[in-house]
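**Student:** Mind looking over this structure? Questions follow.
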Amino acid sequence: MASFAVLTPSRTLKTVKQAEYTCVLCAEGCEPTLDEIVEVTFTISPRVRRIAAHDPETLSWIEYYRQIFWSSGVDLPDDDTLAKWVKETTLDSLELSAGEKAALSLQLPEGYVIVFDPVLHMSQHIEVKGEPTRESQSLSFVMTRDHVPAGPVQMRPGPLQMTLENRSNVRTLPGIWIVSDQVHELVGKRRPFLTAKRLLTNQTFRDIYRTDAIDVDQRLKITSLTFLFTDLKGSTELYERVGDLAAYDLVRAHFRVLHEIVAAERGAVVKTIGDAVMATFPTPDRAMAAALKMREALKDLRGDLLLKIGIHEGPCLAVSLNDRQDYFGRTVNIAARVQGLATSRSIFATKRVVNDREASKLLQLNGIAATPEKRSLRGIVKQIEIFEIP
């Protein structure tokens, strides 16, 4: 799915497996990155109440586009404005039952025209240029489920006899569109939508779908995710000093506080390893806010305990590992190594985090000046600029 139009509807993330999805309407391919291309939507269950979108084969031509084809990320106008837009940009449209065939007589204008069916996601692009002709031109548009992408054809302005045939087993809704500035203006209006990345960094979603979000053979790309690692320094000595039961209660209390803060900043705890926590956030400023709150909340936890915190942002892969939704890649490794640098109450973060506009504002509001230093990280070839946040 894309923020422009729904390329492929999926009931779960497990079905998002292609290396590339192609939008035949705009003739562009896109990699299914979870933070920009894969959109999550919710609708009421038909067991509760049926709505028109539960039966897309009953929707009118324009309502199919509005409710099924266009992504919720496209800010569509009201019904009257949309109807006017359709009238001005559409040469013709029709509904074809399974196996039905129809013929249309059109007058091609100079410019760019697309024959498109939103049900099977099939198109034919037409470049209309040259001297106008009075001779009738012909074009056949055969709709099938297993169609091969077709390149653009060239025609001259003038009459066109078009044959449309539906060889699929479902109703199709082919239309002939004039690609104009009005089309680009319509689809260019965006509104926020729920990305798969935001969903995977939601604590409630992770708690409910711990093992069912991603398939074991999937490697789903995320272009930007912020990782926060924490670890308790001095916990081993604490067990020796106060005993297992008292130390365990203290560590559990620390985990509870961290979980609450992560969830409050729209993040999610990926896993705990011993006394360490790995969490993700959709943006660097959320991770930074969480880190500052953690440090403040745990400063009086116990005098001989220290919470070490490291933050890094970058691309990664969402995977299923050890029966849980996890992350893999260089960004994860760097974030873990940055946390390992901490030896005091200072938070350590990479340049990508500190230079984030919202994270930088947050530090300024708190009167904090981050100090940069080139550091070597274990397993990382080049030195990285690390900022200490006192």
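The values are calculated or read from the model by the stated rules, or taken from the named source; none is laboratory data. Predicted, not measured: the structure shown is a model, and the values here were computed from it. Cβ placement follows ideal geometry from the backbone for every residue including glycine, while neighbour counts extend to all protein chains displayed.
**Student:** Can you pull out every residue in region 49-69 that is closer than 12 Å to Val187 by Cβ and in contact with a strand residue (DSSP E or B) (Cβ under 6 Å, 6 or more places away or on another chain)?
**Tutor:** Listed by number, the list holds a single entry, Phe69.
**Student:** Also, quick follow-up: Out of all the residues in region 369-390, which are at negative phi and either of a type in the set (Phe, Trp, Tyr) or touching a residue at least 24 places away in the same chain (Cβ under 8 Å) (or both)?
**Tutor:** Arg375, Leu377, Arg378, Ile380, Ile384, Glu385, Ile386, Phe387, Glu388, Ile389, Pro390 - these are the residues of region 369-390 that are at negative phi and either of a type in the set (Phe, Trp, Tyr) or touching a residue at least 24 places away in the same chain (Cβ under 8 Å) (or both).
**Student:** Suppose the filter is over 22 Å from Thr33 (Cβ atoms), more than 30 Å from the chain's Cα centre (by Cα) and in a strand (DSSP E or B); does Glu373 pass it?
**Tutor:** On the way: over 22 Å from Thr33 (Cβ atoms): yes; more than 30 Å from the chain's Cα centre (by Cα): yes; in a strand (DSSP E or B): yes.
So Glu373 passes the test.
**Student:** Let me spell it out: the conditions are (1) closer than 25 Å to Met143 by Cα; (2) loosely packed, with under 13 Cβ neighbours inside 10 Å, and Thr81 meets all of them except one. Which number is the exception?
**Tutor:** Thr81 satisfies all of (1) closer than 25 Å to Met143 by Cα; (2) loosely packed, with under 13 Cβ neighbours inside 10 Å except (1).
**Student:** Pairs, please: C-beta under 6 Å, at least 6 apart or cross-chain, first residue on the phi > 0 side of the Ramachandran plot and in region 271-297, second surrounded by fewer than 22 Cβ atoms within 10 Å (Cβ to Cβ) and among the hydroxyl-bearing types (Ser, Thr, Tyr)?
**Tutor:** none
**Student:** Also, I was wondering about something else. In this structure, does Ala264 turn out to be surrounded by fewer than 20 Cβ atoms within 10 Å (Cβ to Cβ), touching a Lys or Arg at 6+ places or on another chain (Cβ under 8 Å) and without any contact (Cβ under 8 Å) to a residue 40 or more places away in the chain? Break it down into steps so the answer makes sense when it comes.
**Tutor:** Numbers: surrounded by fewer than 20 Cβ atoms within 10 Å (Cβ to Cβ): yes; touching a Lys or Arg at 6+ places or on another chain (Cβ under 8 Å): yes; without any contact (Cβ under 8 Å) to a residue 40 or more places away in the chain: yes.
Answer is yes for this residue.
**Student:** Taking only region 13-65 into account, find how many residues are of a type in the set (A, V, I, L, M), in contact (Cβ under 8 Å) with a residue 40 or more places away in the chain and closer than 30 Å to Gly314 by Cβ.
**Tutor:** Selection size over region 13-65: 5.
For (1) in contact with a helix residue (DSSP H, G or I) (Cβ under 9 Å, 6 or more places away or on another chain); (2) among the small types (Gly, Ala, Ser); (3) not in a helix (DSSP H, G or I), each residue gets a yes or a no:
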residue: Ile176; (1), (2), (3): no, no, yes
residue: Lys197; (1), (2), (3): no, no, no
residue: Phe205; (1), (2), (3): yes, no, no
residue: Ile214; (1), (2), (3): yes, no, yes
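**Student:** Has region 230-243 got at least one residue that is crowded, with 22+ Cβ neighbours inside 10 Å, in contact with a strand residue (DSSP E or B) (Cβ under 7 Å, 6 or more places away or on another chain) and under 18 Å from Ala335 (Cα atoms)?
**Tutor:** Going residue by residue through region 230-243, those that are crowded, with 22+ Cβ neighbours inside 10 Å are 230, 232.
Now drop any that are not in contact with a strand residue (DSSP E or B) (Cβ under 7 Å, 6 or more places away or on another chain), which leaves 230, 232.
Narrowing further to those that are under 18 Å from Ala335 (Cα atoms): 230, 232.
Yes, the conditions are met somewhere in region 230-243.
**Student:** Please find, within region 303-316, the residue that is farthest from Leu228 (Cα to Cα) out of those that are surrounded by fewer than 17 Cβ atoms within 10 Å (Cβ to Cβ) and touching a residue at least 12 places away in the same chain (Cβ under 8 Å).
**Tutor:** Of region 303-316, the ones surrounded by fewer than 17 Cβ atoms within 10 Å (Cβ to Cβ) are 303-304, 315.
If we keep only those that are touching a residue at least 12 places away in the same chain (Cβ under 8 Å) as well, we get 304, 315.
Details: Asp304: 22, Pro315: 14 Å.
Looking at the filtered set, the residue picked out is Asp304.
**Student:** Next up: For region 231-284, give me the residue count where each residue is part of a strand (DSSP E or B) and within 23 Å of Asn322 (Cβ to Cβ). Don't jump to the end; show me each part of the working.
**Tutor:** Narrowing region 231-284 to residues part of a strand (DSSP E or B): 231-233, 268-273, 276-281.
If we keep only those that are within 23 Å of Asn322 (Cβ to Cβ) too, we end up with 231-232, 268-273, 276-281.
Here the count works out to 14.
The rows are residues; the columns are (1) in contact (Cβ under 8 Å) with a residue 24 or more places away in the chain; (2) in contact with an Asp or Glu (Cβ under 7 Å, 6 or more places away or on another chain); (3) in the same structural domain as His125 (by TED's automatic domain parsing).
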{"site": "Leu7", "(1), (2), (3)": "yes, no, no"}
{"site": "Gln67", "(1), (2), (3)": "no, no, yes"}
{"site": "Trp70", "(1), (2), (3)": "yes, no, yes"}
{"site": "Gly73", "(1), (2), (3)": "yes, yes, yes"}
{"site": "Leu82", "(1), (2), (3)": "no, no, yes"}
{"site": "Ser93", "(1), (2), (3)": "yes, no, yes"}
